[in-house]
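Q: So that we are looking at the same thing, I have put the structure below in structure tokens.
The values are calculated or read from the model by the stated rules, or taken from the named source; none is laboratory data. Because the structure is a prediction, the values reported are computed rather than measured. Every residue, glycine among them, receives a Cβ derived from its backbone with ideal geometry; neighbour counts consider all protein chains shown.
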Amino acid sequence: MEKRWVDISQPFSNKIGTWPGDTPFQFELAYSKEQTGSVNIGRFTTSVHTGTHADAPFHFDNNAPTIEQLDVNIYIGHAKVVDVTGVESIGREELQAFELDGVERLLLKTAKKNSVEQFPTQIPVLKENIGAFLQEKGIFLIGVDHPSVDALDNKDLPAHHALYRHGVHIIENLLLQDVAPGNYELIALPLKIQGADGSPVRAVIRAI
């Protein structure tokens, strides 16, 4: 039996947790089938950093690429899920325990349960030394199951910048609570939004 694709992206709803002060997600039926005579037409507003999303380097660097300028191949291919549940700060020292040779995309499972509707008050963070370590391993994409790779109150964003300096791209707010550690195929394509600092993604994995 062929292995099935599993959705690891947060479902958008009008109750989804939003970064404090950012644009909340809202979907509504703008025109009903009864109004148009033929079709229902919906519309939504959102921050590009709500739910499961890819950060473009332009998010934190005015001179860096926007989301549509990134190679789609970054977001398609083999990935490895590792379990670092309960680790508050993740860097070179914590990841050296895992076999990462040949890995190109790394997904960090940090929580036993993710709350989609409640924005967290505290999250695990990535250490600044993770960028150089991932580059040494040949990893160019990292995914996390929380809203940021840096502390929620940090304005300097050392992990964001360190990852970018070392050629590592970022996906945040994955749903990995029901995913076992191991090797997978990943598809997590951002939308082609010109000039955008990020984009929602529909992230799916399949065990290999």
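Yes or no, residue by residue, for (1) hydroxyl-bearing (Ser, Thr, Tyr); (2) buried (at least 16 other Cβ atoms within 10 Å of the Cβ); (3) touching a Lys or Arg at 6+ places or on another chain (Cβ under 7 Å):
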position: His166; (1), (2), (3): no, yes, no
position: Leu175; (1), (2), (3): no, yes, no
position: Glu185; (1), (2), (3): no, yes, yes
position: Lys192; (1), (2), (3): no, no, no
position: Ala196; (1), (2), (3): no, yes, no
position: Val201; (1), (2), (3): no, yes, no
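Q: Another question, if that's okay. Would you confirm whether or not the range 144-154 contains a residue that is crowded, with 17+ Cβ neighbours inside 10 Å, touching a residue at least 24 places away in the same chain (Cβ under 8 Å) and in contact with a Lys or Arg (Cβ under 8 Å, 6 or more places away or on another chain)?
A: Yes.
Q: Based on what the data block shows, is Ser148 closer than 18 Å to Thr52 by Cβ and assigned to a loop (DSSP other than H, G, I, E, B)?
A: Answer is yes for this residue.
Q: Examine the range 6-18 for a residue that is among the acidic types (Asp, Glu) and more than 15 Å from Pro190 (Cβ to Cβ), and state whether such a residue exists.
A: yes
Q: I'm checking my understanding of the structure. Among residues of the range 104-143 that are part of a loop (DSSP other than H, G, I, E, B) and touching a Lys or Arg at 6+ places or on another chain (Cβ under 9 Å), which one is surrounded by the fewest Cβ atoms within 10 Å (Cβ to Cβ)?
A: The qualifying residue surrounded by the fewest Cβ atoms within 10 Å (Cβ to Cβ) is Glu117.
Q: Just to verify a result, which residue in the range 112-150, among those that are within 17 Å of the chain's Cα centre (by Cα) and of a type in the set (Val, Ile, Thr), is farthest from His166 (Cα to Cα)?
A: Val116
Q: Okay, moving on. Criterion first (part of a loop (DSSP other than H, G, I, E, B) and either hydrophobic (A, V, I, L, M, F, W, C) or under 11 Å from Leu107 (Cα atoms) (or both)) does Ile171 satisfy it?
A: It is false that Ile171 is part of a loop (DSSP other than H, G, I, E, B) and either hydrophobic (A, V, I, L, M, F, W, C) or under 11 Å from Leu107 (Cα atoms) (or both).
Q: If you don't mind, another one. When the residues of the range 1-23 are narrowed to those that are among the aliphatic types (A, V, I, L, M) and part of a loop (DSSP other than H, G, I, E, B), which ends up surrounded by the most Cβ atoms within 10 Å (Cβ to Cβ)?
A: Filtering the range 1-23 for residues that are among the aliphatic types (A, V, I, L, M) and part of a loop (DSSP other than H, G, I, E, B), the one surrounded by the most Cβ atoms within 10 Å (Cβ to Cβ) comes out as Ile8.
Q: Select from the range 154-203 the residues that are among the polar types (S, T, N, Q) and over 19 Å from Asn114 (Cα atoms) and list them in ascending order.
A: Asn154, Asn183, Gln194, Ser199
Q: Do we find a residue being among the basic types (Lys, Arg), touching a Gly at 6+ places or on another chain (Cβ under 9 Å) and modelled with pLDDT of 95 or more anywhere in the range 103-110?
A: Yes, the range 103-110 has at least one match.
Q: Let me ask something additional. Within the group Asp145, Asp150, which residue is in contact with a helix residue (DSSP H, G or I) (Cβ under 9 Å, 6 or more places away or on another chain), at pLDDT 95 or above, within 24 Å of Ile16 (Cβ to Cβ) and not small (Gly, Ala, Ser)?
A: Asp150
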